[in-house]
Amino acid sequence: MELDFTSDQVAFRKEARSWLEANVPSEPLESFDSKEGFDQHCEWEKKLQGGGWAMVPWPVEYGGRGADLLHWLVFEEEYYRAGAPGRVNQNGIFLLGPTIMEYGTDEQKKRFLPKMASSEEVWAQGWSEPNAGSDMANIQATAVLEGDEYVINGQKTWASRGAYAHWLFGMFRTEPDSKRHNGLTFILCPLDAPGVTVRPIDKLSGKPAFAEVFFDNARVKAENRLGPAGEGWSVAMATAGFERGLMLRSPARFQNTARKLVELYRETEAQGEFIDSRVRDEVARCWADSEAYTLNTYQTVSRLLSGGKIGAEASLNKIFWSELDIKMHELALELLGARGELLPSAPAAKGVGEWLDGYIFALAGPIYAGANEVQKNIIAERILGLPRK
Amino acid sequence: MDFSFSEDQMLLQQTVRDFLEGECTVEHVRSMWDTDTARSPEFWGKLAEIGIPGLLVSEDHGGLGMSEVDMVLVLEETGRAGTAEPVIHTACVAAQLLQESGNDAVAKEWLPKIAEGSAIVAVQHDQSPFVSDAHVADLLILNSGDAVHAVPRADVQLTEQANNDPAKRLSSVEWTPRAGTLLADGDAARALQAAAFDRGVFAAAAQLLGVCQQLSEMTVLYATQRKQFGVPIGSFQAVKHMLAEEKVQTEYGRSHVYRAAHSVANAAPSRAVDVSMAKRAMAENAVSLAKTALQVHGALGYTWEQDLHVWMRRAWSLDTAWGNTAFHRARVSAAVIDGAFPAIPFGYEVPAA
């Protein structure tokens, strides 16, 4: 056990810190759930890629920096410290990217990864369907191979970033009459293909964050199949582990929120406002929980670097960070008192409106990337060994 | 940066686990309850044979010269086995305190005895008016204000205090400080007291981690075997989710415990808050798991005969040991909110060199 950073890691941190200090926009960008904000975020991603920072742990040939996951954690710490913009292409870079790295052909890697790293192509997730949410194996959308093309029919929904994204990845039923996890194939589909209709859905914040996507004899080249035909479920599960277990929510994000929450507590206290004594303990607990999440992630990364894999324990992470995120924002709103309900645009909000936005966003955490109730079943059955039936 | 254990450390853990599965059976733990002292010199001797009391004692003094990072997995196993012997007091806290005391004569006299298993040392701390295992101690480490004394048992008056865990024996200690027993005073004593307390807190947290592991495993086993409505009760989501929620807390508490081991071993500036975060997390989890385990076991778990309460009582008695949860919660808040002592975010704010 060695909990100090190497001189190489410290130098890397310093380099990342100075680049970010010089380049992070001084004014916050518009939400990437608006068209204007989406374009701003894509511009930022281009700049990030120009500096060589977009995908720290990816190989250089695919637009990355060729560093290991520890460097990535350091970069994330600096990224949040600098208050840099959210990653508009997170579905691509954190979820699909690692899957292409594992299952893609050389051609697919060359074709998709560099443009993903630069966010020239932004990706939407196509997992859920109207009747396949927590029960994802109930996917009904079909893809039929005709010559060198898949002909796709059906509907995907809750496609995150779907409103403005360029591509969608998802699972489609390629074997007629197949059931459940069998007969599904992982396919990459351009959202401007003929027969594809995207209908944005306003989310709880009022902004079109996700979309329904309709496929009406949409044609996609067969070369856009990722991994073996009929084995889409296994391919998709590889991303699920990364999503829940590591990359989607790096610890610095929560350490940073916890730090701001402690600052908000101190400011509120300094102003002599009434604070429930329970809030003091809960704020400190959130800080401690964000540390636990960080420590746990460093354990995971240490294990991965010595050849380990992410397994069912990713479900522990998913529950822990999603509940922590909500708790921190609830406490902040409680500390803000009457100002807690102000939108960022309200003159009296004075920069605290982000807590309300963050709260609305955090409420989605226990739902996306696999509902927490499903994660609890996974923990019970696959980690604790309780009987399925 | 490598937050993992070495193969040797994991091998040591396995060795201790195998040993305790053979020697520290639940029958052994229960048989000790009904004895006068609840302690067996024979069993302590066996612990010494595999090196546990001398793990932190330097090789010069006949020990293994290991650190708390080696010790943490051992402590976890003793918690899992329900071992109530004074591993925390003697092997962890006293061994290091005597080494750090700067008093060579006392160290030379007592450390070899600790390592070979021929001496029990009990340690007092400010969060309790009672001393655990004083009744079998050959030497007591006692505080008198800012001074730390090492006092032979013959020189103290003990009054035993019956408590909720028949495996734990508490005493009130009456004694008079004398120049001949002084180990350290002033700043040196304060540093010794602080280090000893934090080490005890860490060790209790590590044992609690093992207690949680055991409570979870035995409850999963029961829920798998016990059938109602024609199916194992562990197949019901209500039961699954209760145990899954506890598991989440156990695993994140584990991260705190392992980090605390490193902070104690390296006298990190954040040591106090690191050990308090670990103790609070594990004590809350253990007390909660005790309730969950009892609920899943139902009426059977509410009997003296069923073994569940052996670990429920370990959870409760370790919860109050080395500062209760209210104390550690307040200490974490004082560090994080008031900056009363250093709370340093892991990684995040390491200054660029």
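The values are calculated or read from the model by the stated rules, or taken from the named source; none is laboratory data. Keep in mind that this is a model prediction, so the values were computed, not measured. No Cβ is skipped: glycine too gets one built from the backbone with ideal geometry, and neighbour counts run over all protein chains shown.
Annotations
- Every residue from region A:355-389 that is part of a helix (DSSP H, G or I) and either hydrophobic (A, V, I, L, M, F, W, C) or free of Cβ contacts under 8 Å to residues at least 12 places away in the same chain (or both): A:Trp355, A:Leu356, A:Ile360, A:Phe361, A:Ala362, A:Val374, A:Asn377, A:Ile378, A:Ile379, A:Ala380, A:Glu381, A:Ile383
- None of B:Ser255, B:Ser288, B:Ser276 is under 20 Å from the mean Cα position of the chain (by Cα), surrounded by fewer than 23 Cβ atoms within 10 Å (Cβ to Cβ) and either in a helix (DSSP H, G or I) or away from chain A (no Cβ under 13 Å) (or both) except B:Ser288.
- One residue alone among B:Val220, B:Val248 is assigned to a helix (DSSP H, G or I), within 11 Å of chain A (Cβ to nearest Cβ), modelled with pLDDT of 95 or more and under 24 Å from B:Thr325 (Cβ atoms), and that residue is B:Val248.
- Verdict on B:Trp304 being more than 10 Å from every other protein chain (Cβ to nearest Cβ) and without any contact (Cβ under 8 Å) to a residue 60 or more places away in the chain: yes
- Pairs meeting the criteria (first residue in region A:267-288 and within 12 Å of another protein chain (Cβ to nearest Cβ), second residue aromatic (Phe, Trp, Tyr) and assigned to a helix (DSSP H, G or I), beta carbons under 6 Å, at least 6 apart or on different chains) are A:Val283/A:Tyr265.
- Among the candidates B:Ala268, B:Ala315, the residue that is outside any helix (DSSP H, G or I), touching a helix residue (DSSP H, G or I) at 6+ places or on another chain (Cβ under 8 Å) and either within 14 Å of chain A (Cβ to nearest Cβ) or surrounded by 18 or more Cβ atoms within 10 Å (Cβ to Cβ) (or both) is uniquely B:Ala268.
- Complete set of residues in region A:311-354 that are among the basic types (Lys, Arg), more than 20 Å from the chain's Cα centre (by Cα) and part of a helix (DSSP H, G or I): A:Arg339
- Of all residues assigned to region A:62-70, none qualifies as being within 14 Å of chain B (Cβ to nearest Cβ), assigned to a strand (DSSP E or B), surrounded by fewer than 18 Cβ atoms within 10 Å (Cβ to Cβ) and not aromatic (Phe, Trp, Tyr).
- Flag for A:Ala82 being in contact with a helix residue (DSSP H, G or I) (Cβ under 6 Å, 6 or more places away or on another chain) and surrounded by 19 or more Cβ atoms within 10 Å (Cβ to Cβ): no
- For region A:82-112, the set of residues classified as in a helix (DSSP H, G or I), hydroxyl-bearing (Ser, Thr, Tyr) and more than 17 Å from the chain's Cα centre (by Cα) consists of A:Tyr103 only.
- Only one of the numbered conditions (1) out of contact with any Asp or Glu (no Cβ under 9 Å at 6 or more places or on another chain); (2) within 9 Å of another protein chain (Cβ to nearest Cβ); (3) under 29 Å from A:Phe5 (Cβ atoms) is violated by A:Glu313, and that is (1).
- Region A:1-28: number of residues that are within 9 Å of chain B (Cβ to nearest Cβ) and outside any helix (DSSP H, G or I): 6
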